[in-house]
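Reading through the structure tokens given below for one structure.
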Amino acid sequence: MFSDNTVLNAIIAACIFVAAIILSLGVTYFSRVIKRRFSSHSLARLLLKTIDRIARAIVALFIINGALLALASLNALSTWRAHILIACAIVFILVVTYILLRNIGTIFTWRLSILQARTTRHINTGAALFFKRIIQIVLSAISLMLILALLGIPVGPLLASLGIGGIAVALAIQPTLANFFAGMQIVSDNVVHIGDFVELDDKLRGYVVDIGWRSTKIRTTANNIIIAPNSILADSKLINYNQPNHTVNVIVRCGVSYENNLDYVKKLALEVAADIEARMDEAVKNFEPRVAFDEFGESNIVFVMVLQAKDRLASINLKSELIARLHQRFREENIKINYPLRLTHPK
């Protein structure tokens with residue numbers, strides 16, 4: 001037969017676990033109420049994701065720690081009570097760390113969206129994401145040190161031993177450290193931003209899609225992802241087509257026969273450029289089209305036309321339309337463009 005103290009002790013343990021279950025149900029209900037209330041908010045998706053993650057983590061914390069505290073209250077497990085309480089503290093640290101790590105990205109995204117809405121200046125999202133990763137690493141390290149301290153593992157001697165072996169470790173991970181500091185340099189100097197169109201020394205060209213602590217991902221025009229170490233970007237001669245702004249000059253070279261009236265050719269070219277600038281959304285409207293004769297070619301007098309597009313992608317459409325319309329207008333006005341000729345004499 002069980003003694004009265006044993007029964008009372010079991011009842012108390014059961015009450016602790018039931019209270020934990022009730023609290024977890026309350027958190028679930030409260031999160032659903034908040035989600036219903038903010039379902040029409042402009043940042044609803046972002047907010048609901050955050051609420052779901054936090055609510056699930058807190059429910060898991062209440063259930064696990066409720067079970068552990070119920071076990072710790074049992075007299076039969078009194079010798080294990082200290083260990084169970086340490087396990088409760090470790091679970092609490094892990095859950096809090098999980099909540100922070102999973103929601104830092106959401107907080108950064110939410111804050112960046114607010115800043116972008118309030119200003120017309122470019123927001124360096126690459127820098128924000130880079131520092132987000134650094135914060136995540138620091139939080140993970142703090143969590144690990146707290147857990148080691150709870151387990152009775154001295155952190156000081158461990159750090160000292162790491163310091164002694166730091167030289168060997170630094171030599172082993174030297175490429176990784178070089179990429180890490182190169183990434184910090186890229187971000188701090190505003191060399192590239194996510195979405196920029198860049199070109200490296202080896203003619204690698206594409207859009208920057210992510211700047212990580214070790215590498216940068218570039219999507220090429222063939223829609224392939226190239227992962228370039230940050231040290232290569234830092235050491236290369238890099239052309240950023242989106243700086244100092246997103247506008248791109250569209251340059252078209254053309255030649256007309258020596259017999260043509262050059263003043264009339266220039267007039268027609270400017271009319272074509274002005275018409276395209278007025279009709280196409282890809283063109284910068286306040287840019288004055290330019291036409292200038294460049295050189296005496298072998299078969300034609302070469303001239304250059306310049307328009308301005310809103311961005312790199314728009315420049316492709318604008319250039320294609322400019323060539324097509326210019327060719328059509330020259331044919332209508334009988335402006336002659338000579339084919340390259342090469343005369344050979346028989347021996």
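The values are calculated or read from the model by the stated rules, or taken from the named source; none is laboratory data. Computed from a predicted structure; not experimentally measured. Methodologically, a virtual Cβ is constructed for each residue, glycine included, from the backbone with ideal geometry; neighbour enumeration extends over all protein chains shown.
Number of residues in region 287-301 that are part of a strand (DSSP E or B), surrounded by fewer than 16 Cβ atoms within 10 Å (Cβ to Cβ) and not charged (D, E, K, R): the value is 3. On the stretch given as region 311-347, residues that are crowded, with 18+ Cβ neighbours inside 10 Å and either in contact with a helix residue (DSSP H, G or I) (Cβ under 9 Å, 6 or more places away or on another chain) or modelled with pLDDT of 90 or more (or both) total 7. Criterion first (at pLDDT 80 or above and over 30 Å from PHE92 (Cα atoms)) does ASP210 satisfy it? Spelling it out, ASP210 is indeed at pLDDT 80 or above and over 30 Å from PHE92 (Cα atoms). Screening the candidates ASP263, ASP281 for the property of being part of a helix (DSSP H, G or I) and more than 21 Å from VAL208 (Cβ to Cβ) yields one hit, ASP263. Considering (1) under 30 Å from GLY297 (Cα atoms); (2) part of a helix (DSSP H, G or I), the lone condition that GLY255 does not fulfil carries the number (2).
Just one of (1) surrounded by fewer than 16 Cβ atoms within 10 Å (Cβ to Cβ); (2) more than 18 Å from ALA269 (Cα to Cα); (3) touching a residue at least 40 places away in the same chain (Cβ under 8 Å); (4) of a type outside the set (D, E, K, R) fails for VAL304. It is (2).
All conditions but one from (1) more than 22 Å from ASP196 (Cβ to Cβ); (2) touching a Phe, Trp or Tyr at 6+ places or on another chain (Cβ under 9 Å); (3) surrounded by 14 or more Cβ atoms within 10 Å (Cβ to Cβ); (4) in contact (Cβ under 8 Å) with a residue 40 or more places away in the chain apply to TYR258; the one that does not is (3).
Quick test for you: out of VAL33, VAL18, VAL59, pick the one residue that is at pLDDT 85 or above, surrounded by fewer than 14 Cβ atoms within 10 Å (Cβ to Cβ) and more than 31 Å from the chain's Cα centre (by Cα). Being at pLDDT 85 or above, surrounded by fewer than 14 Cβ atoms within 10 Å (Cβ to Cβ) and more than 31 Å from the chain's Cα centre (by Cα) holds for just one of VAL33, VAL18, VAL59, which is VAL18.
Could you pull out the residue among VAL138, VAL95 that is at pLDDT 75 or above and either surrounded by fewer than 16 Cβ atoms within 10 Å (Cβ to Cβ) or in contact with an Asp or Glu (Cβ under 7 Å, 6 or more places away or on another chain) (or both)? Of VAL138, VAL95, the one residue that is at pLDDT 75 or above and either surrounded by fewer than 16 Cβ atoms within 10 Å (Cβ to Cβ) or in contact with an Asp or Glu (Cβ under 7 Å, 6 or more places away or on another chain) (or both) is VAL138.
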